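Below is the structure I would like to discuss, written out as structure tokens.
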């Protein structure tokens, strides 16, 4: 005896649903790893960058206003950011009147946020 066609259609719809779920997961997976890659595209690892502000609480994290070397020495306070060679950690140093007063290391999380890993206060 031949089975009705609606059984085959429901099997097809279930299969189509599974394909959609897999497709959505495939589309979302690169976005989780893209934030660290995007940060590595903005910053060359090992290069020093200067900014007028730094807020580690932003999600995803975005740098403040970029300063060139001439602007750095005009500011009372500024931040120096260096991305490590693997692009997963950054060192942020805060300067006041040209003197380093604090240095912190942050891990770059997959969602683009930062997590403080080490904090060193230095008054030179």
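Run the numbers for residue 59 and residue 103: contour at 0.36 nm per residue of separation, minus the present Cα-Cα distance, in nm.
Working it through step by step, the gained length comes to 13.7 nm.
Using the beta-carbon distance between residue 47 and residue 111 and R0 = 25 Å, what value does 1/(1 + (r/R0)^6) give for FRET efficiency, to the nearest 0.05?
Details: r = 24 Å, r/R0 = 0.97.
After rounding, the FRET efficiency stands at 0.55.
What order, most packed first, do the peptides 101-112, 45-56 have when packing is the mean number of other Cβ atoms within 10 Å of each residue? Walk me through the numbers before you get to the answer.
Numbers: 101-112: 16.6, 45-56: 14.1.
Sorting 101-112, 45-56 by mean packing, highest first, produces 101-112, 45-56.
Coordinate-derived values only; no laboratory data. These numbers come from a predicted model, not from an experiment. Quick reminder, even Gly has a Cβ in these numbers, built from the backbone with ideal geometry, and neighbours come from all protein chains shown.
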